[in-house]
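Novice: Here you go, one structure.
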Amino acid sequence: MKKLQLKHYLIIASLIFGMFFGAGNLIFPVHLGQLAGSHWLPAAIGFIISGTLIPLAALLALAITRADGIYGLASPLGGGFALTFLILVHLTLGPLFATPRTATVPFAMFSAHFPAAMQPWALLIYSAIFFGIVYYASLTEGKITDNVGKILNPAFLLLLFIMFLFAFINPMGSAASTRAAAGYAGAAFPNGFLEGYNTLDALAALAFGVTVVSAIRAFGLKKEKDASLALAKTGLLGFLGIALIYFILIWLGASSLHYFKLSANGGIAFAQIANHFLGLFGEALLALLATITCMSSAIGLVVAFAQDFHKRFPKISYRTFLTFNCGISFLIANFGLNTIISWSTPVLMFLYPIAIALIFCGLTSKLFKNDSIVYRFTIFFALIPAIFDGINAAPALIANTALAKAMIAFASHCFPFFSLGLGWLTFGIAGYIIGLSGHLLKQHLGQTAKQMELN
């Protein structure tokens, strides 16, 4: 097959939508809308770029380089770096942040109905049941969840669509007349871009995106150009649906300030908005469906983690990695959603610049024949300020230390755009230009030496 038919585009687009949009993706755009207030539109554009376009670029990079995932894409940097980056990404998507978050996100949607003193105990019981079911379902490597996801995920989206419909018919107020939080009035776009890191979708695309690429090639598109073009079209279609939901949620978050104060996290905000439009029953139904969809996401994450690590370290069984992931995820989930987000932020500020640099190198790899010199200069130049960005975004326990304060003061003075959380940008561009120049020089010297041999 040289060209996909419409039904094939829709199949792949729905696969991309299902893979990258889950209940957890609801809370960050809603909270961003509350933070941005009247500046919600530039914040939404920034969020959509990092939350949808960069994951799409990651899929394209995998297709262009024919990499089998993170390790393959990062292999020009050497096996040690590739393995280290793979482990860091999987730990982030696994037991450290993303997997515990699958339990705390739906819990945050109904936690306000418990007295404050009871909430830790409620979370303990809820997360124990949640990860107990996840562990049991994952013993069969997640196969029993396929039909559940096919039925309940559309039901969740249908209820979400009904809430959106009510919001358009009877909006809570004008988003343009709400107040922005500190820092958003003058920098809504970069803050929205950085908030998009919390979706983790660029990292997920690197880790699991080869599934989408393989699905496209399964239709018979063997030529790299045909597969990449089909991926770009289906990816745009799938991520367009996600971007539309993000856009509406950010607007809803901003307009909700007419009724509610700025919430501690997006889970609370989403529950308040759901109650406003759908009543207590609708809020409870959304929380129930969010629990099931998040549970489905958790099963996918723990299965992928156990499979990938068992493949890399075959002496350790799949069940051992599964038990480790579920156990650590349960423990970390009980620190609560706010704590998980606050500790994940510095990690993402460190990992995302590396991921973006790696994706860009993969996208343009044909220009320099996948020469490792370009990868090395680009990634390591981006890595330096990424360390400082991570320290700057760290919780007070780290950020208030003497060393951290000295590093932040140095970076604020020496790194362009550091105050916006984008200190890596100019460094990464400079590294890419130097690396590309090195490749061209090496190529020129090689051609000159070859010509001299012929003469």
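Novice: Please go through the stretch 263-287 and pick out each residue that is of a type in the set (Gly, Ala, Ser) and either part of a helix (DSSP H, G or I) or within 12 Å of ILE162 (Cα to Cα) (or both).
Specialist: GLY266, GLY267, ALA269, ALA271, ALA274, GLY279, GLY282, ALA284, ALA287
Novice: Going residue by residue through the stretch 40-63, is there one that turns out to be more than 20 Å from the chain's Cα centre (by Cα), surrounded by fewer than 21 Cβ atoms within 10 Å (Cβ to Cβ) and at pLDDT below 95?
Specialist: no
Novice: Can I ask one more? Look through ILE299, ILE292 and report the one residue that is surrounded by fewer than 24 Cβ atoms within 10 Å (Cβ to Cβ) and under 29 Å from SER14 (Cα atoms). Before you say what the answer is, go through the steps one by one.
Specialist: Details: ILE299 fails: surrounded by fewer than 24 Cβ atoms within 10 Å (Cβ to Cβ).
ILE292 is the lone residue from the list that is surrounded by fewer than 24 Cβ atoms within 10 Å (Cβ to Cβ) and under 29 Å from SER14 (Cα atoms).
Novice: Given (1) surrounded by fewer than 17 Cβ atoms within 10 Å (Cβ to Cβ); (2) within 25 Å of SER342 (Cα to Cα); (3) of a type outside the set (Lys, Arg); (4) over 26 Å from the mean Cα position of the chain (by Cα), identify the lone condition not met by SER419.
Specialist: So the condition that SER419 fails would be (4).
Novice: Residue pairs, Cβ under 9 Å, 6 or more apart or interchain, first in the stretch 113-136 and not assigned by TED's automatic domain parsing to the domain that holds ALA98 and of a type in the set (A, V, I, L, M, F, W, C), second exposed (fewer than 13 other Cβ atoms within 10 Å of the Cβ) and at pLDDT 95 or above. List them.
Specialist: none
Novice: Further question on the same structure: Determine the pairs where a residue that is assigned by TED's automatic domain parsing to the domain that holds ALA254 and surrounded by 14 or more Cβ atoms within 10 Å (Cβ to Cβ), located within the stretch 168-180, has a partner that is part of a loop (DSSP other than H, G, I, E, B) and not charged (D, E, K, R) with Cβ atoms under 8 Å apart, the partner being 6 or more residues away or on another chain.
Specialist: MET172/TYR259
Novice: In contact with a Gly (Cβ under 7 Å, 6 or more places away or on another chain), within 20 Å of LEU244 (Cβ to Cβ) and either part of a helix (DSSP H, G or I) or without any contact (Cβ under 8 Å) to a residue 40 or more places away in the chain (or both), is that true of ALA57?
Specialist: Here the answer is no, as ALA57 does not meet what is asked.
Novice: Read through the list (1) over 21 Å from LEU60 (Cα atoms); (2) crowded, with 21+ Cβ neighbours inside 10 Å, then give the number of the only condition that GLY390 fails.
Specialist: Result: GLY390 passes all but (2).
Novice: Which residue pairs have Cβ atoms under 6 Å apart, sit 6 or more places apart or on different chains, and have a first residue in the stretch 316-333 that is closer than 10 Å to LEU96 by Cα and touching a residue at least 12 places away in the same chain (Cβ under 8 Å) and a second that is assigned to a helix (DSSP H, G or I) and β-branched (Val, Ile, Thr)?
Specialist: Filtered contacts from the stretch 316-333: ASN325/VAL302; SER329/THR99; ALA333/THR104.
Novice: Moving on to the next point. If I go through the stretch 382-416 residue by residue, how many of them are in contact (Cβ under 8 Å) with a residue 24 or more places away in the chain and closer than 27 Å to PHE360 by Cβ?
Specialist: Residues meeting the conditions: 15.
Novice: Scanning for something at pLDDT 90 or above, hydroxyl-bearing (Ser, Thr, Tyr), part of a helix (DSSP H, G or I) and touching a Cys at 6+ places or on another chain (Cβ under 7 Å), does the stretch 127-141 turn up at least one residue?
Specialist: Yes: one or more hits.
Let's see how each residue does on (1) within 21 Å of ILE54 (Cβ to Cβ); (2) touching a strand residue (DSSP E or B) at 6+ places or on another chain (Cβ under 6 Å); (3) part of a helix (DSSP H, G or I):
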position	(1), (2), (3)
GLY362	yes, no, yes
ARG376	no, no, yes
ILE384	yes, no, yes
ILE387	yes, no, yes
ALA394	no, no, no
ALA406	no, no, yes
ALA411	no, no, yes
THR426	yes, no, yes
ILE429	yes, no, yes
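Novice: Kindly indicate whether any position in the stretch 26-49 is in contact with a Lys or Arg (Cβ under 6 Å, 6 or more places away or on another chain) and in a helix (DSSP H, G or I).
Specialist: Yes, there is a match, as at least one residue in the stretch 26-49 is in contact with a Lys or Arg (Cβ under 6 Å, 6 or more places away or on another chain) and in a helix (DSSP H, G or I).
Novice: On to the next question. What's the number of the only condition in (1) among the aliphatic types (A, V, I, L, M); (2) touching a Cys at 6+ places or on another chain (Cβ under 7 Å); (3) not assigned by TED's automatic domain parsing to the domain that holds ALA57 that ILE340 fails to meet?
Specialist: Checking ILE340 against (1) among the aliphatic types (A, V, I, L, M); (2) touching a Cys at 6+ places or on another chain (Cβ under 7 Å); (3) not assigned by TED's automatic domain parsing to the domain that holds ALA57, the one that fails is (2).
Novice: In this structure, does ASP371 turn out to be outside the structural domain of LEU96 (by TED's automatic domain parsing), among the charged types (D, E, K, R) and in contact with a Phe, Trp or Tyr (Cβ under 8 Å, 6 or more places away or on another chain)?
Specialist: For ASP371, the condition - outside the structural domain of LEU96 (by TED's automatic domain parsing), among the charged types (D, E, K, R) and in contact with a Phe, Trp or Tyr (Cβ under 8 Å, 6 or more places away or on another chain) - is not met.
The values are calculated or read from the model by the stated rules, or taken from the named source; none is laboratory data. Predicted, not measured: the structure shown is a model, and the values here were computed from it. Don't worry about glycine lacking a Cβ; one is built from the backbone with ideal geometry, like all the others, and counts go over all protein chains shown.
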